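Presented below is the structure to which this report refers.
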Amino acid sequence: MATYRQVGRLLRISARLSRPLAGSGCQSSGFHWPSQATGVSNRWPQPPLWTVPERSMFVQTQDTPNPNSLKFLPGRTVLEEGTMNFASPRDAYCSPLARQLFRIDGVKSVFLGPDFITITRTDENMEWRVIKPDVYATIMDFFTSGLPVVNEDSKPSADTAPSEDDDEVVAMIKELLDTRIRPTVQEDGGDVLYRGFDDGIVKLKLQGSCTSCPSSVITLKNGIQNMLQFYIPEVESVEEVKDDENEEAAEV
């Protein structure tokens with residue numbers, strides 16, 4: 001009798017092991033064994049959907065005060081130091097990243113910061129929902145390609161750090177710009193560079209989202225000018241340098 005009971009128990013265990021998992025058709029442990037009744041031909045299973053892709057990157061966006069500019073944060077370093085502004089495709093000869101971004105329809109200018117990329121669209125009629133997917137794809141493809149953001153022989157825009165040739169007033173202006181003003185402006189996807197000090201007038205160059213921002217005048221007068229005048233009585237006003245000729249003439 002004991003022998004018959006043991007045989008019966010083994011048969012029941014065997015029957016349970018041969019059953020398909022509940023609610024899974026005929027799948028078990030990631031494998032698919034087609035049933036004769038379904039009429040499905042025998043073939044190896046396709047790769048599982050949860051396979052980790054080779055490219056893993058998440059790009060965030062941040063609004064700026066300029067409705068025509070959007071700040072993209074790739075989650076990694078863009079420039080080791082300084083900033084670079086590309087107002088047109090012809091200016092982007094030294095940056096493989098900027099050249100690829102200019103190939104996107106609707107991109108007017110590209111600004112590279114320490115850990116962000118500011119894209120300015122051609123006009124408000126070009127909707128961001130049309131531009132953003134191409135910008136996302138371009139940034140992700142670029143940073144996974146291993147190409148340099150800028151060529152080795154290219155240098156970012158000169159920063160506002162004081163130099164040995166600066167007098168006391170100019171050194172104080174540059175220090176305030178570098179430590180108090182530029183970090184705030186860069187948070188909004190732009191930058192401000194020192195371009196000279198003459199007869200009480202501080203000349204500055206706006207870049208990135210600040211270039212065509214409707215509130216750039218307010219930023220210059222109510223923000224930068226008030227701060228500089230508060231700490232440096234010699235400063236009478238702040239003016240923006242826009243074209244290259246004035247920029248070269250004001251350069252120290």
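The one condition from (1) farther than 23 Å from Ile117 by Cα; (2) within 25 Å of the chain's Cα centre (by Cα) that Gly189 does not meet is (1). Scanning region 219-235 for residues that are surrounded by fewer than 16 Cβ atoms within 10 Å (Cβ to Cβ), modelled with pLDDT of 90 or more and in a helix (DSSP H, G or I) yields a count of 3.
Between Ile104, Ile117, the distinction of being touching an Asp or Glu at 6+ places or on another chain (Cβ under 6 Å) and modelled with pLDDT of 95 or more belongs to Ile104 only. Is it true that Thr122 is surrounded by fewer than 20 Cβ atoms within 10 Å (Cβ to Cβ), out of contact with any Asp or Glu (no Cβ under 6 Å at 6 or more places or on another chain), over 25 Å from Glu80 (Cα atoms) and of a type in the set (Ser, Thr, Tyr)? Spelling it out, Thr122 is indeed surrounded by fewer than 20 Cβ atoms within 10 Å (Cβ to Cβ), out of contact with any Asp or Glu (no Cβ under 6 Å at 6 or more places or on another chain), over 25 Å from Glu80 (Cα atoms) and of a type in the set (Ser, Thr, Tyr). Could you identify the single residue in Ser209, Ser157, Ser216 that is among the polar types (S, T, N, Q), modelled with pLDDT under 90 and within 15 Å of the chain's Cα centre (by Cα)? Residue meeting the stated conditions: Ser209. Taking every residue in region 204-229 that is in contact (Cβ under 8 Å) with a residue 40 or more places away in the chain and pairing it with any residue that is of a type in the set (Asp, Glu) and surrounded by 22 or more Cβ atoms within 10 Å (Cβ to Cβ), at least 6 positions away or on another chain, the pairs with Cβ-Cβ distances below 6 Å are Gln207/Asp191; Gly208/Asp191.
The residues on offer are Lys108, Lys132, and the sole one that is basic (Lys, Arg) and assigned to a helix (DSSP H, G or I) is Lys132.
State which residue is farthest from Ile131 (Cα to Cα) when the search covers only region 82-112 and only residues that are surrounded by 16 or more Cβ atoms within 10 Å (Cβ to Cβ) and among the aromatic types (Phe, Trp, Tyr). Per the stated criteria, the residue is Phe86.
Looking for something in contact with a strand residue (DSSP E or B) (Cβ under 9 Å, 6 or more places away or on another chain), modelled with pLDDT of 90 or more and surrounded by fewer than 19 Cβ atoms within 10 Å (Cβ to Cβ) - is there at least one such residue anywhere in region 166-177? Scanning region 166-177, I find at least one residue that is in contact with a strand residue (DSSP E or B) (Cβ under 9 Å, 6 or more places away or on another chain), modelled with pLDDT of 90 or more and surrounded by fewer than 19 Cβ atoms within 10 Å (Cβ to Cβ), so the answer is yes. So which residues in region 160-200 are in a loop (DSSP other than H, G, I, E, B), farther than 20 Å from Asn226 by Cβ and either among the aliphatic types (A, V, I, L, M) or out of contact with any helix residue (DSSP H, G or I) (no Cβ under 9 Å at 6 or more places or on another chain) (or both)? Answer for region 160-200, where residues must be in a loop (DSSP other than H, G, I, E, B), farther than 20 Å from Asn226 by Cβ and either among the aliphatic types (A, V, I, L, M) or out of contact with any helix residue (DSSP H, G or I) (no Cβ under 9 Å at 6 or more places or on another chain) (or both): Ala161, Glu164, Asp165, Asp167, Gly189.
The values are calculated or read from the model by the stated rules, or taken from the named source; none is laboratory data. Everything numeric here is computed off the predicted structure, so don't read it as measured data. Cβ: placed from backbone, ideal geometry, glycine included. Neighbour counts: every protein chain shown.
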